[in-house]
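S.K.: For reference, the structure I am asking about is given below.
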Amino acid sequence: MLESLSAQPILLALIALVGMALLFGALLGFAAVRFEVEGNPLSDQINGILPQTQCGQCGYPGCRPYAEAIAEGDSINKCPPGGEDTIHALADLLDVEPEPLDSEHGVEAEPTVAYIREAECIGCTKCIQACPVDAILGAAKLMHTVIIDECTGCDLCVEPCPVDCIDMIPRKGGIQHWFWPLPSEVRTGDIIATDRESEQVAA
Amino acid sequence: MLGDFAVLLIAAVLVNNFVLVQFLGLCPFMGVSNKLETAIGMSAATTFVLTLASVCSYLTYRYLLEPLDLTYLRTLSFILVIAVVVQFTEMVVRKTSPLLHRVLGVYLPLITTNCAVLGVALLNINQAHNFMESLIYGLGAALGFSLVLVLFAAMRERLVVADVPEPFQGAAIGMITAGLASLAFMGFAGLV
């Protein structure tokens, strides 16, 4: 058998190559089944960038489903709470052009936090059930309150409240949002010393 | 014995540097050296694949092609081996170490077409390396590639903000810099 093959090197070469290809193909096929990965690792990274407000303004039930949709090719500009920063971070990660926020899904609002007027709260727990991040503390027939650090400002608790005692108030900037106050008014006459002198002379 | 390996390693990393002296793997060298971060990812992935492919090609040659008297098929079969090694590695890494996969990620499949990988495999045969020598040579080639890629990426990051004359901006100044770096590596000739 082998002798007749070596008499025809072209056949031997063909058999060797096809054999190799089959072997490698089988190996890869086996590996594809054996080492199959559930889920898309990219969606984890995308999910890490999204603001985790779980507000659903993108049209998906939360940040994780939206992250999976982006990984599948959905557009990156549907997240109003994240705003420009999130879009740029996503564009950087996915190596696509950043797009302006899609106004269909809302506009980028300044960060807010829910505030429960505690005197009016009747303790119905409806806002607690609505809160996607468990930022509302309280029990039935007891007053509720909001944990400011946990609240993502998603608005979802405002609607269910039967006594309308929840306000969305602007989040007070922390130390990283502080900036020097602008000078209150510019009085041109006072700024340059020589001007002042000439005024005095004129006076 | 160990001394021989050290000499072989240094020779592959510096004296016969694959990119700047033998001019292999220039495509990823120019293509992936724009950002230091990606250059490091590419280097890690290449080191991994180059070493593995070097050994696998040697085994294929020694135990399949030589006994069957089919050594003229080496280029063809090495391409096959490299492609499979890369693909298999990617699958295993993705399953076993998502962290490593995140670092190497997109670069692994790119390496299939890196001619340095095929170059190492063929040079191993030409220089009649044995198993250990193939391993060391592959590792040395990969380390040399990584060294040059990371150095060059760091240089290009500075070139972006440098005041380059308009006709030389972009790829042109990159080419010139690569040429100068290549001249610098000529200085290693005769080291071992």
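S.K.: Quick check on region B:111-132. Is at least one of its residues among the aromatic types (F, W, Y) and closer than 28 Å to B:A11 by Cα?
M.R.: Residues of region B:111-132 among the aromatic types (F, W, Y): B:131.
If we keep only those that are closer than 28 Å to B:A11 by Cα too, we end up with B:131.
Among the residues of region B:111-132, at least one is among the aromatic types (F, W, Y) and closer than 28 Å to B:A11 by Cα, which makes the answer yes.
Okay, residues lined up against (1) within 16 Å of B:T89 (Cβ to Cβ); (2) in contact with a Gly (Cβ under 6 Å, 6 or more places away or on another chain); (3) surrounded by fewer than 19 Cβ atoms within 10 Å (Cβ to Cβ):
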site: B:P109; (1), (2), (3): yes, no, yes
site: B:V117; (1), (2), (3): yes, no, no
site: B:L123; (1), (2), (3): no, no, no
site: B:E133; (1), (2), (3): no, no, yes
site: B:G138; (1), (2), (3): yes, no, no
site: B:S146; (1), (2), (3): no, no, no
site: B:L151; (1), (2), (3): no, no, yes
site: B:E157; (1), (2), (3): no, no, yes
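S.K.: Here is a follow-up. Restricting attention to region A:120-129, report how many residues are out of contact with any Pro (no Cβ under 8 Å at 6 or more places or on another chain), in contact (Cβ under 8 Å) with a residue 24 or more places away in the chain and surrounded by fewer than 16 Cβ atoms within 10 Å (Cβ to Cβ).
M.R.: The number of residues fulfilling the criteria is 1.
S.K.: A further question on this structure: Looking at A:I70, A:I46 in this structure, which one is buried (at least 22 other Cβ atoms within 10 Å of the Cβ), within 14 Å of chain B (Cβ to nearest Cβ) and in a helix (DSSP H, G or I)?
M.R.: Working: A:I70 fails: within 14 Å of chain B (Cβ to nearest Cβ).
Residue meeting the stated conditions: A:I46.
S.K.: Taking the stated definitions as given, is A:A114 under 24 Å from the mean Cα position of the chain (by Cα), surrounded by 17 or more Cβ atoms within 10 Å (Cβ to Cβ) and among the small types (G, A, S)? Lay out the reasoning, then the answer.
M.R.: Values: under 24 Å from the mean Cα position of the chain (by Cα): yes; surrounded by 17 or more Cβ atoms within 10 Å (Cβ to Cβ): yes; among the small types (G, A, S): yes.
Judged against the criteria, A:A114 is a match.
S.K.: Are any of the residues in region A:86-109 away from every other protein chain (no Cβ under 11 Å), modelled with pLDDT under 80, more than 15 Å from the chain's Cα centre (by Cα) and loosely packed, with under 14 Cβ neighbours inside 10 Å?
M.R.: yes
S.K.: Regarding B:E157, is this residue part of a helix (DSSP H, G or I), more than 14 Å from chain A (Cβ to nearest Cβ) and of a type in the set (D, E)? If you could, list the steps in order and put the result at the bottom.
M.R.: Values: part of a helix (DSSP H, G or I): yes; more than 14 Å from chain A (Cβ to nearest Cβ): yes; of a type in the set (D, E): yes.
It is true that B:E157 is part of a helix (DSSP H, G or I), more than 14 Å from chain A (Cβ to nearest Cβ) and of a type in the set (D, E).
S.K.: Give B:V81, B:V148 a once-over and let me know the one that is within 13 Å of chain A (Cβ to nearest Cβ), hydrophobic (A, V, I, L, M, F, W, C), touching a residue at least 12 places away in the same chain (Cβ under 8 Å) and under 30 Å from B:M1 (Cα atoms).
M.R.: Working: B:V148 fails: within 13 Å of chain A (Cβ to nearest Cβ).
Every option except B:V81 fails the conditions.
S.K.: For A:A13, indicate whether it is within 13 Å of chain B (Cβ to nearest Cβ), at pLDDT below 85 and within 30 Å of B:P67 (Cβ to Cβ).
M.R.: no
The values are calculated or read from the model by the stated rules, or taken from the named source; none is laboratory data. Just so we're clear, the structure is a prediction, and the values are computed from it rather than from any experiment. Because the Cβ atoms are built from the backbone with ideal geometry, glycine has one as well, and the counts that use them run over all protein chains shown.
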